[in-house]
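**Q** One structure coming up, written as structure tokens, with questions to follow.
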Amino acid sequence: MSEKSDILFSPFDIGPLRLTNRFVMSPMTRNFSPGGVPGENVAAYYRRRAEANVGLVITEGVGVDHASALGAGTMGEHDTPVMHGEAALAGWRRVVDGVHAAGGRIMPQLWHMGPIRLNGTGNAPETLSARPSGTWGPTDKAMVPPAYVDQMRADTRPLTDSEIGDIIAGFARSAANAHAVGFDGVALHGAHGYLIDSFLWPHTNRRDDRWGGDLVRRATFAVEIVRAIRAATAEDFPIMYRFSQWKIQDYGARNADTPAELEMLLGPIADAGVDIFDASTRLFNAAAFEGSDMGLAGWVRKVTGRPTMTVGGIGFTKDLQSSFVEDTQAVNNLSMVVERFERGEFDLVAIGRALLMDPQWVRKVQTGEPFSPFRLSAYATLE
Ligand SMILES: Cc1cc2nc3c(=O)[nH]c(=O)nc-3n(C[C@H](O)[C@H](O)[C@H](O)COP(=O)(O)O)c2cc1C
């Protein structure tokens, strides 16, 4: 291990939860859970990472207990796991036990696809996709194929108050289930244009009731979900919240144009009971706002006072989107991570593709062994 990355192998506490180091497996949809039930192959997949010293595993997006949560999306979702029902919960218990036996920690990413779910798909195809104001958002900047966007273009109808209440209750039930099967916390998918994020963004939330309006009001849905999860689990059950500026509808989108706006949006969500924020960016070292080279995780930490996690581009020469079309190499760029870590920008470091393609990645950081090469073919298997 280079002396520099030593510091990332220090422990970190999220409330009562002690992580042995700062490396976290970023949530990655894998679609290997037929009927929503994670099997032995899924348990072995996560356990392998824990055995190779990943401090905290965040699972793939897991559908919350609501009929509109899952369906076809930009990645052609199918066989996506859920967090309700006896069979799925038994499957998750096996996943959790495996990670714990290996000395790791694990949180599920709770996911509701919202506007991104294609109507007429999923386990409950008759259920209308959930959109705060009936719109998918602007369709001219989407980072997905035009044929897909064409299917999303038509407006549906805004969610009713009681539908919003039902979805919040679904998040709370799913979090309670996660708590009951032994997960170490929950990670909320509040990013990328999916349901929670679609309430934050003015292009998808044009409501003028209590769920819409200025930045603080647009945060109300996220606030109520965090409060409901806190009430349904325990006072000290760790809640992580993933935030992003970018969306599937627009890679250049911004929920907050300035640090002051970021504070207006995330302050109430932090106060509702978030323990740690996950700032989802394509490149961890991209400047979030003009006038400073600080990344998004640094700004979120500064304006909320909460610990943060960074992500994006660690271990490779190209970010996620570029790596589909440009030549991409595995690389050890941790010295850049350490530099910002030492400046106090973030507390945890999430690794996505590198841990998908190389279960031993964190251990290799320690031993100095070379990383496995970048391989798009790894997406098709559960290695
Ligand atoms: C195959 C794949 C599936 C992903 N699925 C999810 C997901 O379910 N939820 C989520 O928040 N992010 C998802 N992401 C984004 C990753 O969590 C991560 O933020 C992104 O890959 C950037 O990190 P990296 O450069 O280390 O790969 C996915 C990424 C990949 C490659």
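**Q** Could you order the peptides 290-299, 262-271, 10-19 from most to least packed, using the average number of other C-beta atoms within 10 Å per residue? Please list the in-between numbers first.
**A** Working: 290-299: 18.8, 262-271: 20.8, 10-19: 14.6.
Per-residue Cβ counts within 10 Å, averaged per peptide and sorted highest first, yield 262-271, 290-299, 10-19.
**Q** To continue, here is another question. Please work out the average accessible area per residue across the chain, using the 1.4 Å probe convention, and give it in Å². Walk me through the intermediate numbers first.
**A** Numbers: 14190 Å² over 383 residues.
Here the per-residue accessible area is 37 Å².
**Q** Follow-up. Report ³J(HN,Hα) in whole Hz for each residue of region 333-348, in order, from the Karplus equation J = 6.51 cos²θ - 1.76 cosθ + 1.60 where θ = phi - 60°; Gly and Pro get x.
**A** 10, 5, 5, 5, 5, 4, 4, 6, 4, 5, 6, x, 6, 7, 10, 10
**Q** If Lys and Arg each add +1 and Asp and Glu each add -1, what is the summed charge of the other residues whose beta carbon sits under 15 Å from the beta carbon of GLY165?
**A** Here the charged neighbours net out to -2.
**Q** When the helix-only estimate is applied to the chain (DSSP H runs of n ≥ 4, each -39,500 (n - 2.57), divided by the residue count), what is the mean residue ellipticity at 222 nm, nearest 500 deg cm²/dmol? Write out the running numbers ahead of the final one.
**A** On the way: 12 runs with 124 residues, N = 383.
So the calculated ellipticity at 222 nm is -9500 deg cm²/dmol.
**Q** Let me ask another. Enumerate the aspartates and glutamates that LYS4 could reach by cross-link, defined here as Cα to Cα under 12 Å, with residues fewer than 8 away along the same chain left out.
**A** Once the sequence-local aspartates and glutamates are set aside, what remains near LYS4 is GLU339, GLU342.
**Q** What order do you get for 152-158, 275-281, 324-330 when each peptide is scored by the mean count of other beta carbon atoms within 10 Å, highest first? Working shown, then result.
**A** On the way: 152-158: 14.4, 275-281: 24.9, 324-330: 12.4.
Highest mean packing first, the order is 275-281, 152-158, 324-330.
**Q** Counting only C-alpha contacts under 8 Å and six or more residues apart, can you give the relative contact order of the chain as a whole percent?
**A** Working: 835 pairs, mean separation 63.2, N = 383.
In percent, rounded to a whole number, it is 17.
**Q** Let me ask another. LYS141: which aspartates and glutamates have alpha carbons under 14 Å from its alpha carbon, excluding same-chain residues fewer than 8 sequence positions away?
**A** Answer for LYS141, where 14 Å is the Cα cut-off: ASP150, ASP250, listed by chain and number.
**Q** Cα centroids of region 36-92 and region 113-190: how far apart, whole angstrom?
**A** 17 Å
**Q** So which of LYS318/LYS364; LYS247/LYS364; LYS302/LYS364 end up more than 24 Å apart by C-alpha? Please report the intermediate quantities before stating the final value.
**A** Working: LYS318/LYS364 20 Å; LYS247/LYS364 33 Å; LYS302/LYS364 32 Å.
Beyond 24 Å between Cα atoms: LYS247/LYS364; LYS302/LYS364.
**Q** Here is a further query. Quick one: pull the percent of accessible area on the chain belonging to carbon and sulfur, 1.4 Å probe, ligands and nucleic acids left out. All intermediate terms of the calculation are to be shown ahead of the outcome.
**A** Working: 7220 of 14190 Å².
Of the solvent-accessible surface of the chain, carbon and sulfur hold 51 percent.
**Q** Could you size up the charge dipole of the chain around its Cα centre, putting +1 on the beta carbon of Lys and Arg and -1 on that of Asp and Glu, and report it in debye to the nearest 20? Please list the in-between numbers first.
**A** Details: 37 positive and 45 negative charges, 53 e Å.
In debye, rounded to 20, the chain gives about 260.
**Q** Subtracting the Cα-Cα distance from 0.36 nm times the residue separation, let me have the gained length for MET336 to ALA44 in nm, one decimal.
**A** Working: separation 292, 0.36 × 292 = 105.12 nm, distance 3.18 nm.
Difference between extended and current length: 101.9 nm.
**Q** Which is farthest toward the positive dipole end of region 42-133 among HIS112, THR127, TYR45, measuring Cα position about the Cα centre, with Cβ charges +1 (Lys, Arg) and -1 (Asp, Glu)?
**A** Towards the positive end, the residue furthest out is TYR45.
**Q** Which residues in region 261-287 place their backbone N less than 15 Å from a point set 7 Å from the Cα of ARG343 along the Cα-to-Cβ direction?
**A** Within reach of a label on ARG343, which here means backbone N under 15 Å from a point 7 Å along Cα→Cβ, region 261-287 contributes 283-287.
The values are calculated or read from the model by the stated rules, or taken from the named source; none is laboratory data. Keep in mind the model is a prediction, meaning the values are calculated, not measured. Ideal geometry is used to build each Cβ from the backbone, glycine not excepted, and the neighbour counts take in all protein chains shown. Areas reflect the complete protein model, heavy atoms only, side chains present, ligands, DNA and RNA absent. Shrake-Rupley method; radii C 1.70, N 1.55, O 1.52, S 1.80 Å.
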